[in-house]
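Working notes, beginning with the structure itself.
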Amino acid sequence: MFNMNSFSLEGKIALVTGGAYGIGFAMAEALAKAGAKIAFNCRSESNLKKALADYNAKGIEAHGYIADVTKEDDVTKLVSDIKNELGVIDILVNNAGIIKRIPMLEMTADDFRQVVDIDLNGPFIMAKAVLPDMIAKGHGKIINVCSMMSELGRETVSAYAAAKGGLKMLTRNICSEFGEHNIQCNGIGPGYIATTQTAPLREKQADGSRHPFDQFIIAKTPAARWGKPEDLMGPTVFLASDASNFVNGHILYVDGGILAYIGKQP
Ligand code: NAP
Ligand code: GCO
């Protein structure tokens, strides 16, 4: 029976990959505000240390782990350590990701492989690691962080678009294969969000003017602004909660309307 407790995550354990800063940090903060216990991972000790202080400063008792989502041994240990210290993971947010902005003819196969490895193979490895316990428990939530590039291409991001397009279809396949176990796998597709990952696209020009890409995104976004990580917090709680138990295989775009809009006439 629906009531506002349907949005509560009390008693749930959530793992946010790449939750040291940026979008992942905001998603983890939202899950914590809804009552979940938070675990996150990243590769860098310094990022982990700073993140723990940042979570603490917000009154969140986060549990941080060093683990590379592309390394199966790391992931097996990560899930086992969380299970021993917190319990079985109820909510997995596949957020960890990188981008390389290189014209395709200049991009090496190794560059391409690295992006796909982190942005697509990583979510596959992570999902495989948490699904057995979710099946045993009879419920689970997986949220894959997709992108505008799950739907659109643009110059210089061939590897990233291929990975994020694949992540959209991996989302639908996990939905298809595990929906009968009361496991919901959905995607969140952020628009252009102001984080370190997009900082190069927003750098002020030498003459103090806005970066051309910054101006482009403002013209392409009905909201006429870049997104903030906080814009993703409500959608994250929705997809992690019982309120979305009949939503499955869906990519929820949180983009200020970019995908609906042809763009403002110059
Ligand atoms: P970010 O600021 O660069 O943060 C990425 C996080 O992922 C960091 O905590 C990083 O920490 C971690 N990470 C990277 N590779 C990892 C690996 N192999 N194993 C474990 N952790 C790893 O990126 P963001 O802007 O917050 O983006 C987060 C996610 O949203 C990404 O999947 C990105 O593609 C997606 N996204 C971003 C935007 C945007 O406009 N910013 C829009 C749509 C989608 P370490 O380096 O310490 O590992
Ligand atoms: C880019 C940006 C985008 C965003 C995001 C958009 O270079 O086009 O980095 O890819 O990161 O994925 O949804």
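Report, in debye and to the nearest 20, how large the dipole of the chain comes out about its Cα centre when Lys and Arg carry +1 and Asp and Glu carry -1 on their Cβ. Walk me through the numbers on the way to the answer.
Numbers: 27 positive and 29 negative charges, 110 e Å.
For the chain, the charge dipole is close to 520 debye.
Hey, any idea what Rg/Rh is for the chain, computing Rh the Kirkwood way over Cα pairs?
Looking at the chain, the ratio lands at 0.96.
Taking the Cβ of K164 as the center, what net charge do the other residues with Cβ under 10 Å away carry, scoring Lys and Arg +1 and Asp and Glu -1?
-1
Would you mind working out the magnitude of the charge dipole of the stretch 3-146 relative to its Cα centre, with +1 at each Lys and Arg C-beta and -1 at each Asp and Glu C-beta, to the nearest 20 Debye?
Rounded to the nearest 20 debye, it is 340 debye.
Taking the Cα centre of each part, how many Å lie between the stretch 19-70 and the stretch 187-263?
Using only Cα atoms to place each centre, the spacing works out to 21 Å.
Taking square-rooted eigenvalues a ≥ b ≥ c of the alpha carbon gyration tensor, is the stretch 31-93 rounded, prolate or oblate, where a/c under 1.5 means rounded and, failing that, a/b exceeding b/c means prolate?
It comes out oblate by the Cα gyration axes.
Please list, in order along the stretch 259-266, the HN-Hα scalar couplings obtained from phi with the Karplus expression 6.51 cos²θ - 1.76 cosθ + 1.60 (θ = phi - 60°), rounded to whole Hz, x for Gly and Pro.
Residue by residue, the stretch 259-266 yields 5, 9, 10, 6, x, 5, 4, x Hz.
Got the relative contact order for the stretch 1-60 handy, in percent, Cα pairs under 8 Å and 6 or more residues apart? Mind showing how you got there, number by number?
On the way: 72 pairs, mean separation 20.9, N = 60.
Contact order relative to length: 35 percent.
Just to check I understand the Karplus step: with θ = phi - 60° and J = 6.51 cos²θ - 1.76 cosθ + 1.60, what whole-Hz values come out for the stretch 144-159, glycine and proline as x?
Result, ordered by residue: 9, 7, 8, 5, 4, 7, 7, 10, 10, x, 7, 4, 6, 10, 4, 5 Hz.
From the Cα gyration tensor of the stretch 96-253, with a ≥ b ≥ c the square roots of its eigenvalues, which class applies: rounded if a/c is under 1.5, or else prolate if a/b is larger than b/c, or else oblate?
Note, shape of the stretch 96-253 comes out oblate.
So the label point goes 7 Å from the Cα of N173 along Cα→C-beta, right? Which residues of the stretch 233-266 then have their backbone N under 18 Å from it?
Taking a point 7 Å out along Cα→Cβ of N173, the residues of the stretch 233-266 whose backbone N falls under 18 Å are 249-251.
Nearest 10 degrees, 0 to 90: what angle lies between the long axis of helix 45-57 and the longest principal axis of the chain (Cα atoms)?
Value to nearest ten degrees: 70.
Greater than 31 Å separation of Cα atoms is the criterion. Which listed pairs, K71/K220; K77/K137; K50/K128; K137/K164; K128/K204; K50/K77, meet it?
In this structure, K71/K220; K128/K204 exceed 31 Å between Cα atoms.
Give me the 1.4 Å probe accessible area per residue for the stretch 48-125, excluding ligands and nucleic acids, in Å².
54 Å²
Could you give the angle, 0 to 90 degrees to the nearest 10, between helix 22-33's Cα long axis and the longest principal axis of the Cα atoms of the chain?
40 degrees
Test of understanding: given the chain, find the longest segment containing no GluC sites (Glu not before Pro) that are in a DSSP loop and have at most 16 other Cβ atoms within 10 Å.
62-154
May I ask you to derive the relative contact order of the stretch 75-200, considering only C-alpha pairs under 8 Å and at least 6 residues apart, and to give it as an integer percent?
About 30 percent, as a whole number.
Of I89, I183, I102, which is the most mobile in a GNM of the chain whose springs link Cα atoms less than 10 angstrom apart?
Among I89, I183, I102, the largest mean-square fluctuation in the Gaussian network model of the chain belongs to I102.
Once the Cβ-Cβ distance between A260 and A109 is put in as r, and R0 is 22 Å, what FRET efficiency do you end up with, to the nearest 0.05?
0.05
Residue by residue, what Karplus-based ³J(HN,Hα) values in Hz, rounded to whole numbers, does the stretch 73-81 have, using 6.51, -1.76 and 1.60 with θ = phi - 60° and x for Gly and Pro?
Working through the residues one at a time gives 5, 4, 5, 4, 5, 4, 5, 5, 4 Hz.
What is the dipole size for the stretch 115-266, taken about its Cα centre, with +1 at each Lys and Arg Cβ and -1 at each Asp and Glu Cβ, in debye to the nearest 20?
Dipole of the stretch 115-266, to the nearest 20 debye: 260 debye.
List the residues, sorted by chain then number, that are 5 or more residues from V254 or on another chain and whose placed amide H is less than 5 Å from its amide H.
Amide H to amide H, under 5 Å and 5 or more residues apart or across chains, V254 pairs with G189, G191.
Please list the non-local residues whose amide H lies under 5 Å from the amide H of G35, H modeled 1.01 Å from N, same-chain partners needing a gap of 5 or more.
L9
Sequence-distant or interchain residues sharing an amide H contact under 5 Å with I98, placed H: which?
Excluding prolines and chain starts, which carry no amide H, the hits are D119.
Going toward the positive end of the dipole of the chain, with +1 on Lys and Arg Cβ and -1 on Asp and Glu Cβ, which of P222, S44, G179 do you reach last?
Farthest along the dipole direction, towards plus: P222.
Summarise the accessible area of the chain (1.4 Å probe, protein heavy atoms) by the percent that is carbon and sulfur.
55 percent
The values are calculated or read from the model by the stated rules, or taken from the named source; none is laboratory data. All of these numbers come straight from a predicted model, not from anything done at the bench. Glycine gets a Cβ as well: all are built from the backbone with ideal geometry, and neighbour counts include every protein chain shown. Side chains are part of the model used for accessible areas, which takes the heavy atoms of the whole protein and leaves out ligands, DNA and RNA. Shrake-Rupley method; radii C 1.70, N 1.55, O 1.52, S 1.80 Å.
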